[in-house]
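Undergrad: Quick one: this structure, given as structure tokens, is what I'll be asking you about.
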Number of protein chains: 2
Amino acid sequence: MAISETGPKTRIQARKRELILEAALDIFSENGFRGSTIDQIAEAAGMSKPNLLYYFRSKEHIHETLIHRLLETWLAPLEHMNEDGDPVAEIIGYVRRKIEMSRDLPRESRLFANEMLHGAPRTMAMLDGELKELVDKKALVLKHWMEAGRIATLDPWHLIFSIWATTQHYADFDVQVRAVLGSTRGGDGRFHDATNFLQQFYVNALRPQGKDNSNT
Amino acid sequence: MAISETGPKTRIQARKRELILEAALDIFSENGFRGSTIDQIAEAAGMSKPNLLYYFRSKEHIHETLIHRLLETWLAPLEHMNEDGDPVAEIIGYVRRKIEMSRDLPRESRLFANEMLHGAPRTMAMLDGELKELVDKKALVLKHWMEAGRIATLDPWHLIFSIWATTQHYADFDVQVRAVLGSTRGGDGRFHDATNFLQQFYVNALRPQGKDNSNT
DNA sequence: TCAAAATTTGACCGTTTGGAAAAAATTGGC
DNA sequence: GCCAATTTTTTCCAAACGGTCAAATTTTGA
């Protein structure tokens, strides 16, 4: 009898399901949902298609599981930003954690990007539920820091967007980044350079200014 | 006899091909290449599948044409950044043009993003050809501005990446942006807010500083 | 007006794909 | 060593899809 509706029972099932999810992450993140076939995933996982379908009842189901897991990972770093810490250090810390994620979990980043790009059909509920609440909460923290004059006054929501954008860019647009940097600067050091840049960049952008000179 | 290899001959052909490309942009940008079918595109263009295939010899060919056109549009705004202008005004101007593109050409942005996300199979040559050359050229301009002390010293390439990332984010991650901002702030005004934020943000980040206080 | 060229349609084809069914093989407890 | 549950493989299917082809229709130009 097929499993997959109830949680995995045996250790073997858990391990095989893990193997499939690992393979599926490879395939999905590279080719998108529609661009990936069950056969590809099965081969990458070292098993036959019907065998894979014994562990997951459909391609959709694999994808859904993958996305659900991803979301937890994705929210964690923002959650971690602490109201009581030093504002600039906390924000920079968040930026660094996000860059590390782009470096270490590029497949997850691309899977997420693909989902957003196509209208978030399987994520919508979570976006204007959990995510919105978390961002609103953290935006308030940023706002307090701004009102206390500890960082520059900027739209907190868009500030968070800018962090997402600049950091995830290094995973999602990796091909472009590497092409533009070329063989000398586009190697393994690019994440180090990116981190340095973003740190300087955000330190500058967040420095509160006594007198305003931001008008054109 | 089918056309499509040689350029369009009559005005009717040109108009029909245009119609198809317009429909294809809708479909491709929403569903990705593999996720789109010729039937969908044909229906959106108001014609039958064989009729569409009379104007373009394959799905691949439509996509290729679309991508090629897109690239010209995509490079134009950076080209426009002028060495002889005021550095901050020039950079901010570039940011504004990019944001306008995210607002007015979101389908093109998503088509491009999708291409990058999946490894730029049909764009690679142009990335480390034309694009790299252009970026290198403009990075040099930025470097000169920095050396003259007119803007803060930052890695010029990564500075350009940050502009791409922050602006394109509003097209590519539109669903997420709208969900997080909610119904009140996520309406039509979001691009206006984004523009204001990014302007302030870049003005801050680029302001050169006499004394260094960027270390942790 | 009429023939040639261009365009549109309908019917069709081979392949790929997601998935089902059932038999065969393996494993685990006694 | 044997039975039952689990896992794997073989075979197959129906729908979707990219694309072809020839016939029918419309348009164009002399």
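Undergrad: Evaluate the following for A:L140: is it within 16 Å of DNA strand D (Cβ to nearest atom) and more than 25 Å from A:A171 (Cα to Cα)? Step through it out loud before you land on a result.
TA: On the way: within 16 Å of DNA strand D (Cβ to nearest atom): no; more than 25 Å from A:A171 (Cα to Cα): yes.
Here the answer is no, as A:L140 does not meet what is asked.
Undergrad: Please specify each residue of segment B:28-64 satisfying the condition of being assigned to a helix (DSSP H, G or I), of a type in the set (S, T, Y) and either modelled with pLDDT under 95 or within 24 Å of B:F112 (Cβ to Cβ) (or both).
TA: B:S29, B:Y55
Undergrad: On the basis of being modelled with pLDDT under 95, more than 14 Å from chain A (Cβ to nearest Cβ) and within 16 Å of DNA strand D (Cβ to nearest atom), does B:K9 make the cut?
TA: Taking the combined requirement at face value, the residue satisfies it.
Undergrad: While we're here: Kindly establish whether A:M126 is among the hydrophobic types (A, V, I, L, M, F, W, C), assigned to a helix (DSSP H, G or I) and out of contact with any helix residue (DSSP H, G or I) (no Cβ under 7 Å at 6 or more places or on another chain).
TA: Here the answer is no, as A:M126 does not meet what is asked.
Undergrad: Here is a further query. Hey, any hits in segment A:116-124 for a residue that's among the polar types (S, T, N, Q) and closer than 30 Å to B:F112 by Cβ?
TA: Yes, some residue in segment A:116-124 is among the polar types (S, T, N, Q) and closer than 30 Å to B:F112 by Cβ.
Undergrad: Sticking with this one: Let me spell it out: the conditions are (1) farther than 23 Å from A:I163 by Cα; (2) at pLDDT 95 or above, and B:G129 meets all of them except one. Which number is the exception?
TA: (2)
Undergrad: While we're here: Just give me the residues in segment A:29-43 being under 21 Å from A:Q13 (Cβ atoms) and surrounded by 18 or more Cβ atoms within 10 Å (Cβ to Cβ), in sequence order. Outline the logic, then answer.
TA: First pass over segment A:29-43, keeping only residues under 21 Å from A:Q13 (Cβ atoms): A:38, A:41-43.
Listed by number, the residues that qualify are A:I41, A:A42.
Undergrad: Would you mind stating whether B:N31 is of a type outside the set (V, I, T), out of contact with any Gly (no Cβ under 8 Å at 6 or more places or on another chain), more than 14 Å from every other protein chain (Cβ to nearest Cβ) and within 10 Å of DNA strand D (Cβ to nearest atom)?
TA: Answer is no for this residue.
Undergrad: Just checking, does segment A:143-165 include any residue being more than 18 Å from B:Q199 (Cα to Cα) and facing another protein chain (nearest Cβ under 9 Å)?
TA: no
The values are calculated or read from the model by the stated rules, or taken from the named source; none is laboratory data. Remember, predicted model here, so these are calculated numbers, not experimental data. Every residue, glycine among them, receives a Cβ derived from its backbone with ideal geometry; neighbour counts consider all protein chains shown.
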